[in-house]
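What follows is a single structure, written as structure tokens, with notes after it.
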Amino acid sequence: MKKVTPNIGLVNSFIRLTCGFTVLAWATSKLVKRPYSSTPILVAMMGAMKVAEGLTRFCPLTYLFEEKMEEMTTSNADSQEEVVNPS
């Protein structure tokens, strides 16, 4: 099992924190007016996720993208080794 290491930079984490808290404040203000509306709840969850990403400096989507790119490059390198030049 791999250790979870930060995969976003410091500036990126500050931007995620700022945007996350802004979205969270907006959703909270909308929930005060209409507490049973589902849209602000979903937006609040997304804002909270951005705050968590900023605090931990770990983004799961970036992790998945990097893993997929690494997998593609290793499989691409393996397939290039098997190619035989016919000339």
Answer residue from the stretch 48-87, given it is modelled with pLDDT under 90, of a type in the set (A, V, I, L, M, F, W, C) and assigned to a loop (DSSP other than H, G, I, E, B) and is farthest from Val4 (Cα to Cα) among those: Val84
Looking at the stretch 17-42, I want the residues that are without any contact (Cβ under 8 Å) to a residue 60 or more places away in the chain and have a partner that is of a type in the set (Lys, Arg) with Cβ atoms under 8 Å, at least 6 apart or on another chain. Which pairs are those? Leu17/Lys50; Cys19/Lys50; Gly20/Lys50; Val23/Lys50; Ser37/Lys30; Thr39/Lys30; Pro40/Lys30; Pro40/Arg34
Kindly indicate whether Ala44 is over 19 Å from Asn7 (Cβ atoms) and either assigned to a loop (DSSP other than H, G, I, E, B) or modelled with pLDDT of 90 or more (or both). yes
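The values are calculated or read from the model by the stated rules, or taken from the named source; none is laboratory data. Please read all numbers here as calculations on a predicted model, not as lab measurements. When we count neighbours, we look across all protein chains shown, and the Cβ atoms used for this are built from the backbone with ideal geometry, even at glycine.
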